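Student: Sending over a structure as structure tokens; questions will come in a sec.
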Amino acid sequence: MELGNDLRYAWRQLRRSPGFAVTTVLTLALGIGATTTMFSVVDQVLLRPLPFDHPSQLVAITEASYEKDAATSGGGISLPDAEDWQTRSHTLQAVAYYTFNMPIVGGIDHSQSKPQLPSSANFLSTLGVQPALGRGFAATENSAAASHVAVLGAEAWRTLLNSDPKVIGRTITLNGTPHTIIGVMPESFRFQGGSDFILTPLDISQKVIQDRSGGVLNVIGRLRPGSTAEDATREMAGIKQQNLRTYPGKERDTRVLVENYARSLTRSVRPGLLTLNGLVLAVWLLAAINVAGLLLTRTQGRRREIAVRAALGAGSSRLLRQFLVESFLLSLVGGALGLAITSAALRVSRTYLANTFQNGDTIHIDATVCVYVLVASCVSALLFGILPALQAAHLPILTGLREGAAGAGTSRRQSMTRDAIVTVEVALSLLLLVAAGVMARTLFEMQRRPLGFNPEKVVTAELMLPQKNYWFVSAGPSNAKSIVTALIEPMLMRIRQLPGVTAAGVTTVRPLRTNWTFLDEVRFAGHPKPDPHHAQNTNVRAATSDYFRAMGVSLKEGRLFSADDSVGAPLAAVVNEAFTRQIDGARSPVGMQIEASEAGAHKYAAIVGVVADARQDMNESVKPELLLNLGQMSPAVDDLYPILVSFHLDLVVRAQVKPEALIPAITRIVHDLNPAVGVNHAEPMQTSVDDTMGSQTLAARLLTLFAVAALVIAAAGLYGLLAYQVTQQIRDFGVRIALGAQRNDVLWLVLRRAIVLMSVGASLGVAASLGVSRIARGMLSGVDVQNILLVIEAVTAILAVTCITAGYLPARRAAQTDPMQALRHE
Amino acid sequence: MIDIRNLERSYKTGAGQTWVLRRIDLKIDRGEFVTLMGPSGAGKSSLLNAIALLDDQWLGEYYFDGDPVHAMGRKQRAELAKRSMGMVFQSYHLLDELTVAENIDLPLSYKNMPRAERQALVADTLDRFNIVGKKDLFPSQLSGGQQQLVGIARAVIHNPTLLLADEPTGNLHSEQAKEIMELFKELNRQGTTILQVTHSETNAAYGNRLLEVRDGWLVNDSSNPRLNAAQESTTR
């Protein structure tokens, strides 16, 4: 019941000081809101168990070369390896595999491309999930015609078949091959961040997939109870060694890595997310410290009230409780507002979250987040409330009862506590400003780095090609019609005739496309095969002759593809500058012969030119790239043709007109030639560049927002402290002025204090920034020590100006003291 | 009721110690109305604060109803003060954010008393002091005299045996002061022991015993002629 009284009094107290209440609640809302937003992301991306049965037992099994970890390895697992693990492992109770395809789905109202996951029959049972409608795959369905069945993800069911409940037994075509729908997955089942996919059994009867030296599969395993990922890694290493002995020359000499599956999904985002979380926690801490400072100051103003309560019988614990109730009330109101900030922040950054994290589009406020807000509010209340409450509980009664106690001076200890608070605030805000500055600078550097191509007035489109089979099983000699003659050449010819078009080309992977890549080992003619430990890899792509002009990639050395590079001529290739640097920066690669096929006329490709480094990814340095002349390639001659060309191409068109105006005409031309070809993501290249920068820009903006908030909080803290001290010392200033002090002397007296506190705080902040930057440097590309020092200098200057301004206002008030009035007050 | 022997109080100053109370011996019996007088800085308020247990830095012996206060811990002293003493301040010290009724209820709220019982007591007290109509007003809405009335009501609501008043009419004009002193007289008649500090001879006249403090020494006690004689001889 007394708690109710305390709450009522606390509420009345806050209503009587709206300025204080609003400042405190907003500060807390900002701190709690920021940390709750980050918690929502961290919880739902990193902490929450995957929606599978016993998710901690699930592991991802990958292979990597000895120099690289799994994060940078490009290849997949071969089927024989996956089958060996399934049959010989004692630490794994199940091994499942899947790969990826992008077929055109037919047999529905409008054909469209859709992700397909050809998988092992035990894929769903290994994950421990069941279809919501129909059934999963039977063991016999991993082979030949039996594999023509499909299970739809919930989103695919919605988009392809309008969530038709009578879908079981219906037939759809995948690249023209009929598949019977046997099941639909529940809404809760999301894989690789979504449910817009079609699961089919992988046909393992085809010979090409049995190749032990290749590999296209992703493998998931389920550990036996009691086994760990480390146990499995050791066991896999043993199996690998046995296979190397049993299949010399065929089994690839790689490391097998077994990692918790959930962890493998978040590996790339984990460091950045945790860093951002740390910075946000600093904002929260700063907010709590600032409110503690405000409350301490306020406690001084309430000394009379505290003394009266104590004189009337309130014990220390009772006073402590009352002040903590006030803190909790402030914190809960701040928490409620913080939740609103979280809701807004999640809404604003939905696209960023969806693009950055798996399941990022589903991050929302749920019961866990609400509990977190409550806990964060209570912890905040304790953080900022305990010190002022303790101070209140132990204030000497007589001092408080003395006339004008509120205006009486404070003890040295209290004064030092408040000084320490301001110093910590300044240090923390400097740290945050440095972090934001470094991020902004990284972004600036990134934007300033040459793209290596000219996106202006360029339109690009993704062409999804219809296939009769998976790309990886259609390798080898084939009588199939070449896509070059059947589609690419007539298409480019017609596009070039469009008004305003100045160049049109096709490449297999355009710049800034990070989701497709093909990495291959570099082997030069006349050189022995390098051992696996010293092999050099390159991104292998193919492009038509006009592609470079269309994309605006400039020639650095040699020549581009020309009319001389006919189908019968030796295969021509162009490399980028990163390729030159990798092989040997001093030697020109022009004229070198590089292996492109096992045998035949195109066994070697001749490097004819070097082009500028067109960025493949904004966040990373440019990787070596080898571009083969697509115009010369055919399925019959080139081993790489099915891999590079068979299902995905990027069309690039340069024009004198607005590029988006060309999109309808381009789509029409493609569909005239082949209606089954999907035209996806047709957009100006500049849009792709902006989108790539988008997530970085938002992250930098968020961080800047936090840092500015921190700066405002620190400045408010300094201002509050000095304003309070000026009020306390108004009589002293009056006396000084009455005794002949100049107003500037008084101004300087107050300002000096601001400068001292700012200097101490800034020194601590700089030291902390240098320490943190040493740790963080590994995670940031494009930022060196010089840059960090530059940012620290700039940020310290901003902080100094802000703090001196915050100090100047109370100092000016002190200097304007009317001595008569101040002494009359006494 | 109160038996003080050799009570002393000093403050540490830069140069050494400043004594504000020197060797005070004082007995106050139940039912007395004692007035403490003396010039500013003589030690009146210091003695009152020591007796009210607001100050615990004194030396000497202090017995309250036979119990040795000097041997008690801080908590026991606080309990004793809460149970047996009421305090009236010169500047009322009402809490601005509480209504009249809530201000009066404050000492009870620190006593773990059932809410219904507290409400009944507050209602009785409001009635007794004729301030029922003002129970929902805030201190800023009252005159000085009304505020002090509330202050006294708050001091006596828990029925203390000893009422201590530090310049209770110091901020009031004479008419209001007279009403307050009449109220004190009535409370004393009802059995409450009162110790007041005042500069006013008129207020002192309401009491039945006069003490005088000078430079920290108790120099005059109207009920102890021997003390007066001793002081006179010391002065000579």
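The values are calculated or read from the model by the stated rules, or taken from the named source; none is laboratory data. Worth saying up front: this structure is predicted, and the values here are computed from it rather than measured. Cβ atoms come from the backbone with ideal geometry, glycine included; neighbour counts cover every protein chain shown. Ligands, DNA and RNA are excluded from the accessible area calculation, which covers all protein heavy atoms including side chains. Shrake-Rupley method; radii C 1.70, N 1.55, O 1.52, S 1.80 Å.
Student: Let me confirm something: among A:I788, A:I798, A:I792, which residue is open to solvent by 40 Å² or more (accessible area, probe 1.4 Å) and either part of a loop (DSSP other than H, G, I, E, B) or modelled with pLDDT of 75 or more (or both)?
Tutor: None of the other options fit; the residue is A:I798.
Student: Hey, can you tell me all the residues within segment B:129-143 that are away from every other protein chain (no Cβ under 13 Å), outside any loop (DSSP other than H, G, I, E, B) and surrounded by fewer than 15 Cβ atoms within 10 Å (Cβ to Cβ)?
Tutor: Correct list: B:V132, B:G133, B:Q141.
Student: Let me ask you something else. Would you be able to tell me the number of residues in segment A:265-290 that are of a type in the set (A, V, I, L, M) and farther than 23 Å from A:A345 by Cα?
Tutor: Residues meeting the conditions: 2.
Student: Of all residues in segment A:465-524 being modelled with pLDDT of 90 or more and part of a strand (DSSP E or B), which is most open to solvent (accessible area, probe 1.4 Å)?
Tutor: A:T502
Every residue, every condition in (1) modelled with pLDDT under 85; (2) assigned to a helix (DSSP H, G or I), yes or no:
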| site | (1), (2) |
| --- | --- |
| A:R587 | yes, no |
| A:G591 | no, no |
| A:A601 | yes, no |
| A:R615 | no, no |
| A:L644 | yes, yes |
| A:L662 | no, yes |
| A:A665 | no, yes |
| A:Q696 | yes, yes |
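Student: Go through segment B:50-81 and report how many residues are without any contact (Cβ under 8 Å) to a residue 60 or more places away in the chain and part of a helix (DSSP H, G or I).
Tutor: Going through segment B:50-81 one residue at a time, the tally reaches 12.
Student: Just to be sure I understand, how many residues within segment A:588-619 are on the phi < 0 side of the Ramachandran plot and open to solvent by 30 Å² or more (accessible area, probe 1.4 Å)?
Tutor: Going through segment A:588-619 one residue at a time, the tally reaches 12.
Student: Filter segment B:95-114 down to the residues that are facing chain A (nearest Cβ under 8 Å) and in contact with a Gly (Cβ under 9 Å, 6 or more places away or on another chain), then identify the one that is most open to solvent (accessible area, probe 1.4 Å).
Tutor: Within segment B:95-114, the match that is most open to solvent (accessible area, probe 1.4 Å) is B:K111.
Student: Applying the selection to segment A:612-626, what residues are in contact with a Gly (Cβ under 8 Å, 6 or more places away or on another chain) and either more than 24 Å from A:V652 (Cα to Cα) or not charged (D, E, K, R) (or both)?
Tutor: A:A612, A:A614, A:V622 - these are the residues of segment A:612-626 that are in contact with a Gly (Cβ under 8 Å, 6 or more places away or on another chain) and either more than 24 Å from A:V652 (Cα to Cα) or not charged (D, E, K, R) (or both).
To keep it simple, each residue is scored yes or no on (1) among the aromatic types (F, W, Y); (2) in a loop (DSSP other than H, G, I, E, B); (3) within 28 Å of the chain's Cα centre (by Cα); (4) surrounded by 21 or more Cβ atoms within 10 Å (Cβ to Cβ).
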position	(1), (2), (3), (4)
A:G214	no, yes, no, no
A:V219	no, no, yes, yes
A:S227	no, yes, no, no
A:R234	no, no, no, no
A:R245	no, no, no, no
A:K250	no, yes, no, no
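Student: Okay, moving on. So which residues in segment A:568-577 are at pLDDT 85 or above and open to solvent by 10 Å² or more (accessible area, probe 1.4 Å)?
Tutor: A:A569, A:P570, A:E577, listed by residue number.
Student: Okay, next question. Taking into account only those residues within segment A:388-406 that are within 11 Å of chain B (Cβ to nearest Cβ) and open to solvent by less than 30 Å² (accessible area, probe 1.4 Å), which is modelled with the lowest pLDDT?
Tutor: By that ranking, first place goes to A:A405.
Student: For segment B:20-45, which positions are more than 23 Å from B:N188 (Cα to Cα), modelled with pLDDT of 90 or more and not basic (K, R)?
Tutor: B:V20, B:L21, B:I24, B:D25, B:P39, B:A42, B:G43, listed by residue number.
Student: Can you find a residue that is crowded, with 21+ Cβ neighbours inside 10 Å and in a loop (DSSP other than H, G, I, E, B) anywhere in segment B:19-35?
Tutor: No - not one qualifying residue is present in segment B:19-35.
Student: Given the options A:G134, A:G106, name the one that is at positive phi and touching a residue at least 24 places away in the same chain (Cβ under 8 Å).
Tutor: Step by step, each of A:G134, A:G106 is checked, and only A:G134 is at positive phi and touching a residue at least 24 places away in the same chain (Cβ under 8 Å).
Student: Search segment A:299-353 for residues being within 14 Å of chain B (Cβ to nearest Cβ) and outside any helix (DSSP H, G or I), and hand back the single one that is surrounded by the fewest Cβ atoms within 10 Å (Cβ to Cβ).
Tutor: Step by step, filter segment A:299-353, then rank; the result is A:G315.
Yes/no matrix, rows are residues, columns are (1) within 30 Å of A:F323 (Cα to Cα); (2) within 14 Å of another protein chain (Cβ to nearest Cβ):
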| position | (1), (2) |
| --- | --- |
| A:R12 | yes, yes |
| A:G19 | yes, no |
| A:T24 | yes, no |
| A:T37 | yes, no |
| A:V41 | no, no |
| A:L46 | no, no |
| A:L50 | no, no |
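Student: Counting only residues that are open to solvent by 30 Å² or more (accessible area, probe 1.4 Å) and β-branched (V, I, T), which one in segment A:9-45 is modelled with the highest pLDDT?
Tutor: It comes out as A:V22.
Student: If I ask for residues that are of a type outside the set (D, E, K, R) and within 9 Å of chain A (Cβ to nearest Cβ), which ones from segment B:74-85 would you list?
Tutor: B:A78, B:A81
Student: Determine whether A:S163 is part of a loop (DSSP other than H, G, I, E, B), closer than 19 Å to A:K114 by Cα and over 31 Å from the mean Cα position of the chain (by Cα).
Tutor: Yes: the conditions hold for A:S163.
Student: Kindly indicate the residue of segment B:43-66 that is within 9 Å of chain A (Cβ to nearest Cβ) and of a type in the set (A, V, I, L, M, F, W, C) and also nearest to B:L163 (Cα to Cα) among those meeting that condition.
Tutor: The selected residue is B:A52.
Student: If you go through segment A:241-264, how many residues are among the polar types (S, T, N, Q) and closer than 19 Å to A:P55 by Cβ?
Tutor: Total satisfying the criteria: 2.
Student: Might you let me know whether segment A:407-419 holds any residue that is over 19 Å from A:A716 (Cα atoms), at pLDDT below 70 and among the hydrophobic types (A, V, I, L, M, F, W, C)?
Tutor: Yes, there is a match, as at least one residue in segment A:407-419 is over 19 Å from A:A716 (Cα atoms), at pLDDT below 70 and among the hydrophobic types (A, V, I, L, M, F, W, C).
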